[in-house]
Amino acid sequence: MPRRHIGSGSPFEAEIGYSRAVVDGDWIFVAGTTGYDYATMQLAVGVEAQCRQALANIERALAAAGSSLRDVVRVTYILPDAAEFRACWPVLRAAFGEIRPAATMFAAGLADPAMRIEIEVTARRDGGGT
């Protein structure tokens, strides 16, 4: 099966040279995804709202790959302020509480100071999770 690239419509993908997701066999690699609504190019306000929007963006990319959040095996959270992570826990628990992927969170600067969280996932389609 050839590698397939999935875009979100974000101009950043073409400008920087990356895909929202890459499908390679049963594996789906979703790029670091922020709280931008790519239809409006507006960034949600606040870490919790950005977390929700990032997950919605990830869900769309996974759906385009024939997958869903249920297939996520690994998730990485990046926040410029680690103290804000706790505010995201209820949102993340709703998305991943039953799935329980391996997870890492670290604090680092993001491309825009208004960005409060970036989420990256790896998923594997195995026929049982979608």
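Anything in segment 115-130 that is under 20 Å from Arg20 (Cα atoms) and not in a strand (DSSP E or B)? List them, or say none. Before the answer, list the steps.
First pass over segment 115-130, keeping only residues under 20 Å from Arg20 (Cα atoms): 115-125, 130.
Hits for segment 115-130 are Met115, Arg116, Ile117, Arg125, Thr130.
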Next on the checklist: Just to be sure before I move on: is Thr104 touching a strand residue (DSSP E or B) at 6+ places or on another chain (Cβ under 9 Å) and surrounded by fewer than 18 Cβ atoms within 10 Å (Cβ to Cβ) in the structure I sent?
Outcome noted: yes
Next on the checklist: Out of the residues in segment 101-127 meeting the condition of being among the charged types (D, E, K, R) and under 15 Å from the mean Cα position of the chain (by Cα), tell me which one is farthest from Ala61 (Cα to Cα).
Outcome noted: Arg116
Checklist entry - Looking only at segment 14-73, which residues are surrounded by 14 or more Cβ atoms within 10 Å (Cβ to Cβ) and among the β-branched types (Val, Ile, Thr)? => result Val22, Val23, Ile28, Val30, Thr33, Thr34, Val47, Ile58, Val72, Val73
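From the list Ala95, Ala102, Ala107, Ala114, exactly one residue is of a type outside the set (D, E, K, R) and in contact (Cβ under 8 Å) with a residue 60 or more places away in the chain. Which is it?
Values: Ala95 fails: in contact (Cβ under 8 Å) with a residue 60 or more places away in the chain; Ala102 fails: in contact (Cβ under 8 Å) with a residue 60 or more places away in the chain; Ala107 fails: in contact (Cβ under 8 Å) with a residue 60 or more places away in the chain.
That would be Ala114, the only listed residue that is of a type outside the set (D, E, K, R) and in contact (Cβ under 8 Å) with a residue 60 or more places away in the chain.
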Checklist entry - Which of (1) within 20 Å of Trp27 (Cβ to Cβ); (2) modelled with pLDDT of 95 or more; (3) exposed (fewer than 15 other Cβ atoms within 10 Å of the Cβ); (4) of a type in the set (D, E, K, R) does Asp126 not meet, given it meets every other one? => result (2)
Checklist outcome for this item: Going through segment 31-56 in order, the residues found to be among the small types (Gly, Ala, Ser) and under 11 Å from the mean Cα position of the chain (by Cα) are Ala31, Gly32, Gly35, Ala54, Ala56
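What is the residue count in segment 43-69 for residues that are assigned to a loop (DSSP other than H, G, I, E, B) and either touching a helix residue (DSSP H, G or I) at 6+ places or on another chain (Cβ under 6 Å) or modelled with pLDDT under 95 (or both)? Show your work before the answer.
To start, the set of residues in segment 43-69 that are assigned to a loop (DSSP other than H, G, I, E, B) comprises 44-46, 65-68.
Filter once more, so that each one left must be either touching a helix residue (DSSP H, G or I) at 6+ places or on another chain (Cβ under 6 Å) or modelled with pLDDT under 95 (or both): 44, 68.
Selection size over segment 43-69: 2.
The values are calculated or read from the model by the stated rules, or taken from the named source; none is laboratory data. Since the model is a prediction, treat every value here as computed from it, not as a measurement. FYI the Cβ positions are ideal-geometry reconstructions off the backbone, even for glycines, and counts take in every protein chain you see.
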